[in-house]
Amino acid sequence: MKAIPDFLLILHINLLCQICPDQVLAEVKSYNYPLDECMKICKEYAVRDALSFFLERAGNLNEAVYIAFDVHKEKSTK
C-alpha cells in the first residue's frame, strides 16, 4: 500500500476543519497526519480537540491538557 502524500493529508484536514470540524479528531487519530501543518490548521479554524491531540503528539503536554480541559468544560455546560 502506498503512503498518502502529505499535501493531500493537509488538504484533507483543511477541508474537514471547514466542513465538519466535529469529525477532525477522529480522523487525525486514524492516520499519521503531518504534525506542524495540521496543528496550524486546527488552530486557525479553532478545532480545539484536534489541536489538543496534535499538541500532545508534539510533546506540549501542558497546553494540550489545558485545551482539552477547556473543551471538556464547554461541552459539559451545554
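Please treat every number below as a calculation from the coordinates, not as lab data. Model, not experiment: these values are computed from the prediction. Ideal geometry is used to build each Cβ from the backbone, glycine not excepted, and the neighbour counts take in all protein chains shown.
Annotations for the structure displayed:
- Using the Cβ-Cβ distance between LEU15 and ALA58 with R0 set to 25 Å, the FRET efficiency from 1/(1 + (r/R0)^6) comes to roughly 0.65.
- When shorter helices are ignored and each DSSP H run of at least 4 residues is given -39500 (n - 2.57), the per-residue value for the chain at 222 nm works out to -23000 deg cm²/dmol.
- Shown for the chain: lysine pairs separated by 8 or more places, or found on different chains, whose C-alpha atoms are under 21 Å apart, numbering 6.
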